[in-house]
Structures are given as C-alpha cells and as structure tokens.
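Down below is the structure, laid out as structure tokens.
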Amino acid sequence: MSKRYMTKADAVRIFRHGELRHLREQEWAKVGGRSDGGGIDWGARAQAWHWYIDALNKDGAISNSQVERWSDPSFVVPPWRR
C-alpha cells in the first residue's frame, strides 16, 4: 500500500489558518495598527513557511519530492519578486 501524503493545497490552508494568522498579528502590532502594508515581514513569513514544510517532511506528512517541487505561496513572496 502506498503512503498518502498531504497536498500543497492542504498544507497552505493549514498554514494560513495557523502560523500566518499569528504572523499577521505580530506584523499588525509592530506598525501600530497601520493598514498600508508597510508592516509585512516578508522574511519572517518565508522562514516560517520553510520551517513548516520542513517539519511536515520530518513528520512524514509530505515527501522529499514535494519539498523540492513546491514553490513558495504568494503570501510569503513580496510582490516585487513574483
């Protein structure tokens, strides 16, 4: 029987509702509630995503191949790098 791995869509959904929500709260606090987008910490978002997929891989939820193939989701890549 072959192992079923998590899909990227599932991983993104879980990350958005967990870690990304926490990061947004931290970003909001740093800028004192401004909503001009200047408080987005793109580096922290990218690092958190990479740690997240690394943990999924170590837990066996995603394969090595998935780690290598998955591109970063848009919410961790600054607009000027897309």
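The values are calculated or read from the model by the stated rules, or taken from the named source; none is laboratory data. Just so it is clear, the model here is predicted, and its values are computed rather than measured. Reconstructed Cβ throughout: ideal geometry from the backbone, glycine too, with neighbour counts over all protein chains shown.
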* Structure fact -> Checked pairs for the stretch 60-82, first under 14 Å from Ala46 (Cβ atoms), second among the hydroxyl-bearing types (Ser, Thr, Tyr) and surrounded by 10 or more Cβ atoms within 10 Å (Cβ to Cβ), C-beta under 7 Å and 6 or more apart or across chains, list as Arg82/Ser74
* Taking the stretch 41-80 only, how many residues are touching an Asp or Glu at 6+ places or on another chain (Cβ under 7 Å), buried (at least 17 other Cβ atoms within 10 Å of the Cβ) and part of a loop (DSSP other than H, G, I, E, B)? -> 0
* To do: Give the residue that is nearest to the chain's Cα centre (by Cα), with candidates limited to residues of the stretch 45-62 that are within 17 Å of Arg4 (Cβ to Cβ) and among the small types (Gly, Ala, Ser).
  => Ala61
* Asked: Across the stretch 1-40, what is the number of residues that are surrounded by 13 or more Cβ atoms within 10 Å (Cβ to Cβ), modelled with pLDDT under 90 and not in a helix (DSSP H, G or I)?
  -> 3
